[in-house]
Amino acid sequence: MNHSLKLIIAREYLTRVKRKSFIITTILVPLLMIAISLAPAAVMLLSSPENRNIAVVDQTRIIAPRLDSNDEVKFVSVDAPLDSLRADTDFDAILVIDANAVKNPADAIRLYSRGAPAMQTGAYINSQLEDAIEDIRLEEYNIDNIKQILASVNADFELATIRIDKEEDTATSVGLSYVIGLTLDMMLYMFILIYGQMVMNSIIEEKNNRVLEIVVSSVKPTWLMLGKISGIGLVAITQILIWAVLIGSCSLWSMPLLGDLGASSESTEIAAAMSQLSDTGFIAGLFLYLLLFFIGGYLFYSAIYAAIGSAVDNVQDASQLSTIATMPVIIGIISSMAVLSNPGSTLAFWVSVIPFTSPMAMMSRLPYGVPTWEIILSLVVLYISFAFLIWLCAKIYRVGIFMYGKKPTLIEIIRWARYK
Amino acid sequence: MDYILTAENITKDYTKHRALDDVSIAVPRGSVYGLLGPNGAGKTTLIRIINHITAPDRGLVTFDGHQLTAADVAQIGYLPEERGLYKKMKVGEQALFFARLKGLGKREAEASLRQWFERLEISEWWDKKIEELSKGMAQKVQFIVTVLHRPKLLIFDEPFSGFDPINAGILKREILKLRDEGATVIFSTHNMASVEELCDEISLINRSRNILTGPVGALREQFGGNVYEITFAGSPDALRASAENIGQDFKLGGVDDRGYATATISLGSAADVRPLLAAANEAVHINSFRHVLPSMDDIFVAAVQASNTDNDPSEIQLQ
């Protein structure tokens, strides 16, 4: 490899990797991700509401006995006027049930609450009332063993999906594929935007403090641009690998747990999801594709960002031009949302071939399984367009870095590409 | 004459204007060559062409006897007007990076960097970041980066701006030392005093054209109009009477605090100076007698003004 290219890559890489901010984010983000995934459970644990006393004023006299108290909600039947109950601070809420409640519960039942009731509390009271009224209504038909009959006709089940286009039939979880696709998509989107803009900002900075003139008096501008893009790209890959190792080792530790959970779970969906998650080959394959599409997508977009960075003098001027790069990335993420809900559609095929959107679109389809030839086609198109784009952007860059003062228009920038 | 660098009939167009119009310069090996001109005249474009950063639309640049190629850039050291260093990088690390970009090996680069740091008395900055240094301090670092790989040709664009007189002196000393060791220096500046002090030859570029070229001494002589200045004690009228027989434009200046009066007189272009000296010696008591050369400052201003009014700058006479 070219000697100066190596030096430039090494400089770009080392100065960034040694920065405190890089080390901190690289270690903190996975911790944060784990914390976020644990957060809902933790919140549930912490926010379990204290005992709430509900005064029940029941004029039907048949509903109140059927309401079951639990740890959180305690129903107490009382026979007192509403006004006096309102003043009684022993009760957190007053449930008023009018006489016609069985016929018309929506109008006849009201909950007077001191402060907003917790969501779960409200839902629990509601479901208790519904059960009670349903039971009463059923009993009014006077059919023997009605409850047993209903239980025996209940056909509540989850559909198991088995992929037949794979070598062996495997149970797959559509829900899990969706979640994985979405996660990979978001990661790719973030990485392309953050690292692409890092390339742009670093070029603007070099142009501003005239380091460029020193460097290009020793190396060709194209080498500098390639070196910068590669160096920053390697920083991104380093970060992805560190995250993969951190998250991977966490999952390895929890893998047996997941398998057990899957095996013991009654839900086929969860079982499929768990077996899929503990399938190391599946995860490793996804990770490999994530890297390949990240590298392709990053190179593709960073070339555009580099050309923009070379054309302007400061970050403010860049913000307008950089929409040229940012818009397709956003279109990519939006279209891949559509792809996520219908991964086999024609739209899904085309957006995963067009290089502007293909990295994101492919990431959302991959967890569902994509024919190998489509993946190869998408990668080939992406890498060929990157090669073309880098050639074009290098031409713009070479001219742009010596243009100071006036903010160029898009048409002027394109014209630069034709300069000798 | 042996030229390290020549630029012949260079023309460079940008979208809206012509930056260089048929400019030629020839830089003698081992000289300090001044590249002068007002802001926006085209100096930087010419320097970029010499540095192989941009290509001329027409014209030929030769380096060391052959057409300039990208490989020759390793033999050129360039100190741009606006200093370019990475703000967040440590001084030593950064100097090492640039030295290695120029093709020096790691060990070799570090050894000669340490040497230079010592020579310019900045060794203790090795581990500081550029952003912690003052402008002049950063400039010393930049200077070292420029000269470290011992290029045959050095290009300094305004090297003294931001320096105090002591450090400017150190830098001048180093530049002349480099020249004595065989390097050729192209020196672009607006500071005409330093041009008189350092430059052997100059080219003056104005409005994209080379309007004046030549050795500094010869140019000053050429523009001088053969004026002599006499400081003396005695009767000014006596001096006037005898001097006006020999030359024209006798002018009497003030009297200085030691009691010496000043007079100037212009002789014809090729006239002999001895009759004037003899006549003056008869008339008054001479304290000093000298040939007045116009400053480069005066030449610069006059030449640029002449070229802006479409006169031939080489026709101008000062004084």
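The values are calculated or read from the model by the stated rules, or taken from the named source; none is laboratory data. All values reported here derive from a predicted model rather than from experimental measurement. No Cβ is skipped: glycine too gets one built from the backbone with ideal geometry, and neighbour counts run over all protein chains shown.
Some points to look at:
- Exclusive hit being more than 10 Å from chain A (Cβ to nearest Cβ), in contact with a helix residue (DSSP H, G or I) (Cβ under 7 Å, 6 or more places away or on another chain), buried (at least 18 other Cβ atoms within 10 Å of the Cβ) and farther than 30 Å from B:Thr11 by Cβ, set B:Val61, B:Val141: B:Val141
- Any hit, the stretch A:200-217, residues being closer than 21 Å to A:Ile331 by Cα, part of a helix (DSSP H, G or I), assigned by TED's automatic domain parsing to the domain that holds A:Thr15 and not acidic (Asp, Glu): yes
- Residue selected from the stretch B:205-250 under the condition of a type in the set (A, V, I, L, M) and in a strand (DSSP E or B), by the criterion farthest from B:Thr11 (Cα to Cα): B:Ala233
- The numbered conditions (1) at positive phi; (2) at pLDDT 85 or above are all true for A:Gly369 except (2).
- Residue selected from the stretch B:97-131 under the condition facing chain A (nearest Cβ under 10 Å) and under 15 Å from B:Val147 (Cβ atoms), by the criterion surrounded by the most Cβ atoms within 10 Å (Cβ to Cβ): B:Phe98
- The listed residue being on the phi > 0 side of the Ramachandran plot and either free of Cβ contacts under 8 Å to residues at least 40 places away in the same chain or not charged (D, E, K, R) (or both), out of B:Gly105, B:Gly34, B:Gly42, B:Gly84: B:Gly42
- For the stretch A:192-205, the candidate set comprises residues that are in contact (Cβ under 8 Å) with a residue 24 or more places away in the chain and not β-branched (Val, Ile, Thr); within that set, the residue that is farthest from the other protein chains (Cβ to nearest Cβ) is A:Leu193.
- Just one residue in the set A:Ile396, A:Ile390, A:Ile375, A:Ile401 is in contact with a Pro (Cβ under 7 Å, 6 or more places away or on another chain), more than 15 Å from A:Leu182 (Cα to Cα) and not basic (Lys, Arg); that residue is A:Ile401.
- Only one entry in B:Thr69, B:Thr54 is more than 11 Å from every other protein chain (Cβ to nearest Cβ) and either closer than 15 Å to A:Ser217 by Cβ or of a type in the set (Phe, Trp, Tyr) (or both), namely B:Thr69.
- Where strands (runs of 3 or more DSSP E) fall entirely within the stretch B:8-80, those with at least 3 residues that are closer than 28 Å to B:Gly105 by Cβ and in the same structural domain as B:Gly103 (by TED's automatic domain parsing) are at B:76-79.
- Of the helices (runs of 4 or more DSSP H) contained entirely in the stretch A:354-420, those carrying at least 1 residues that are of a type outside the set (A, V, I, L, M, F, W, C) and within 14 Å of another protein chain (Cβ to nearest Cβ) fall at A:372-400, A:410-416.
- Among the candidates A:Leu286, A:Leu241, A:Leu226, A:Leu261, the residue that is part of a helix (DSSP H, G or I) and modelled with pLDDT under 80 is uniquely A:Leu261.
- Checking B:Leu219, B:Leu133 one by one, the residue that is at pLDDT below 90, of a type in the set (A, V, I, L, M) and assigned by TED's automatic domain parsing to the domain that holds B:Arg29 is B:Leu133 and no other.
- Which numbered condition A:Val43 fails, given (1) modelled with pLDDT of 85 or more; (2) more than 30 Å from B:Arg100 (Cα to Cα): (1)
- Subset of the stretch B:75-96 that is more than 17 Å from A:Asn208 (Cβ to Cβ), touching a strand residue (DSSP E or B) at 6+ places or on another chain (Cβ under 8 Å) and of a type outside the set (A, V, I, L, M, F, W, C) - its residue that is nearest to the other protein chains (Cβ to nearest Cβ): B:Tyr78
- Taken across the stretch A:106-128, residues that are β-branched (Val, Ile, Thr), in the same structural domain as A:Val56 (by TED's automatic domain parsing), at pLDDT below 85 and surrounded by fewer than 17 Cβ atoms within 10 Å (Cβ to Cβ) do not occur at all.
- Within the stretch B:152-180, being outside any helix (DSSP H, G or I) and at pLDDT 90 or above holds for B:Lys152, B:Leu153, B:Leu154, B:Ile155, B:Phe156.
- Unmet criterion (only one of (1) in contact (Cβ under 8 Å) with a residue 40 or more places away in the chain; (2) within 28 Å of B:Cys199 (Cα to Cα); (3) among the acidic types (Asp, Glu)) for B:Asp312: (1)
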